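See structure below.
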Amino acid sequence: MNLSIAPGVPAVDRRTNVDVPAQRVVRILATLAAALVLVIVVASAYMRLSAAGLSCSDWPACYGHIATTAEPTTHLRIARVAHRIAATAVAAIVLTLVGVTLVARPRRIGQALAAIGALGVVVGLAVLGIATSRLAAAPLLPAVTLANLLGGFVLLALVVAVRATSDPIRVVVASWVRTLALVAVVVVALQAVLGGFVSARFAGLACPTFPLCGVEVPTRALPALLDPFAPIAVDAANTIVRAPALAALQWAHRVGAHAVLFLAIALAIGLARARHFALATAAIAPVIAELALGVGSVVFDLPLPVVLAHTLVAALLLATLVAVALRCRSS
């Protein structure tokens, strides 16, 4: 195995990866695509959260009020334009990535499959957008919100996977560290699903205090709340009915946050022990930022900038863990 052997330098595996020109092109395109996907995620979150009432003047009384006839603000128009431009650009870049990864020699099957998967997600999101744009009940169906939110996260993860597999350097770690990195990716993905349900069901204020919920948590109601096809109830005033049972959903999301924190700490320790301090910092820093933003969103009653930052950092956390997991090689 070709490893760096300089004293005090962490082990690096260069045996199976050669930095050919095609892979440099892949890295540039994948990096640009990842940045544009983040624009899509934030713009989509802004449009969704604005529709939920997070930017209204009489907050929090207007939270969950459906006002489909309201005149769009300047910021909302900008978000829509940014979303459309970024989505079009990502589609073109991902299509190019598919072509480059398929013709590159030596061909990397995993990289090509990730690019093809990303193209499939782009097409799926486009079809979903067309199908739901004229559907008045779309905001009241959690499945639509989840598909849009998680579709953006999956697209980001796949693009980052294409980028990570183009890197000519792999870091060598103990097998348990690499396994832990893969487990962390899965747990963060599940936590993103819970966060999507919290947003889709307007459960952001279900637990009004921190660290405890502040109200009774009916855990038996959780399975029903996790049904993405169960529509959201609306009263005569066209306002979302936020049942007390939503506290179980918010509480589950908080428990998931603790699981992510413990995994990130263990992963950072493992990477630090292998003297990969930059990767250790990358594994733990976004988790700390995400927890701080989550606490801030509860304490300050869901301010729109904090909630948007919470969504952005969640996407960055998933992307970072995917990159860390794919860069690690078992010793």
Ignoring ligands, DNA and RNA, what percent of the accessible area of the range 276-324 is carbon or sulfur (1.4 Å)?
84 percent
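Using +1 on the beta carbon of Lys and Arg, -1 on that of Asp and Glu, and nothing else charged, what's the dipole of the range 116-222 about the Cα centre, debye to 20?
Value, rounded to 20: 120 debye.
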Gyration tensor on Cα atoms of the range 152-195, a ≥ b ≥ c root eigenvalues, a/c under 1.5 rounded, else prolate if a/b beats b/c, else oblate, says oblate
Averaged per residue, the 1.4 Å probe accessible area of the range 120-209, protein heavy atoms only, in Å², is roughly 39 Å²
So what J values fall out for the range 252-266 if you push phi through Karplus, 6.51 cos²θ - 1.76 cosθ + 1.60 with θ = phi - 60°, rounded to Hz, Gly and Pro as x?
4, 5, 5, 4, x, 5, 5, 4, 4, 4, 5, 5, 5, 4, 4
With the crude spin-label approximation of a point 7 Å out along Cα→Cβ, what separation in nm comes out for D227 versus L102?
4.2 nm
Starting at the first residue of the range 220-228, write each ³J(HN,Hα) from the Karplus equation 6.51 cos²θ - 1.76 cosθ + 1.60 with θ = phi - 60°, in whole Hz, x for Gly and Pro.
5, 7, 4, x, 5, 5, 8, 8, x
Can you list residues from other chains, or at least 5 along the same chain, whose modelled amide H is less than 5 Å from the amide H of R329?
V171, V172, V173
For the pair T281 and V20, how long in nm is the line joining their label points, each one 7 Å along Cα→Cβ?
3.4 nm
Tell me the volume per residue, in Å³, of the convex hull enclosing the alpha carbons of the range 269-331.
70 Å³
Go through the range 96-111 residue by residue and turn each phi into a ³J(HN,Hα) via Karplus (6.51, -1.76, 1.60, θ = phi - 60°); whole Hz please, and just put x for glycine and proline.
5, 4, 4, x, 5, 5, 7, 9, 5, 10, x, 6, 10, 4, x, 5
Candidate cut points under chymotrypsin sites (Phe, Trp or Tyr not before Pro) in the range 165-272, DSSP loop plus at most 14 other Cβ atoms within 10 Å of their own Cβ, are F229
How would S175, S297 rank on accessible area, largest to smallest, probe 1.4 Å?
S175, S297
From the residues A274, A221, A252, which one has its Cα farthest along the dipole of the range 211-331 in the positive direction, the dipole being from +1 and -1 charges on Cβ of Lys/Arg and Asp/Glu about the Cα centre?
A274
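First compute the accessible area of the range 140-230 with a 1.4 Å probe, then give the percent of it belonging to carbon and sulfur atoms.
73 percent
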Simple spin-label model, 7 Å along Cα-to-Cβ: V123 to R220 in nm?
4.6 nm
Starting from the Cα-Cα distance between S175 and A35, subtract it from 0.36 nm times their residue separation and give me the gain in nm to one decimal.
47.3 nm
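Could you work out how much longer the chain between I109 and V234 gets when fully extended? Use 0.36 nm per residue separation minus the Cα distance between them, nm to one decimal. Please list the in-between numbers first.
On the way: separation 125, 0.36 × 125 = 45.00 nm, distance 4.82 nm.
That works out to 40.2 nm of additional length.
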Compute the length gained on full extension between R273 and I130: take 0.36 nm times their separation in residues and subtract their Cα-Cα distance, giving the result in nm to one decimal.
46.5 nm
What percent does the relative contact order of the range 118-214 come to when contacts are Cα pairs within less than 8 Å and at least six residues apart?
35 percent
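The values are calculated or read from the model by the stated rules, or taken from the named source; none is laboratory data. Nothing here was measured: the structure is a model prediction, and the numbers come from that model. Positions of Cβ are generated from backbone atoms using ideal geometry, with glycine treated the same way; all protein chains shown enter the neighbour counts. Protein only, heavy atoms only, side chains kept; ligands, DNA and RNA dropped before computing areas. Shrake-Rupley method; radii C 1.70, N 1.55, O 1.52, S 1.80 Å.
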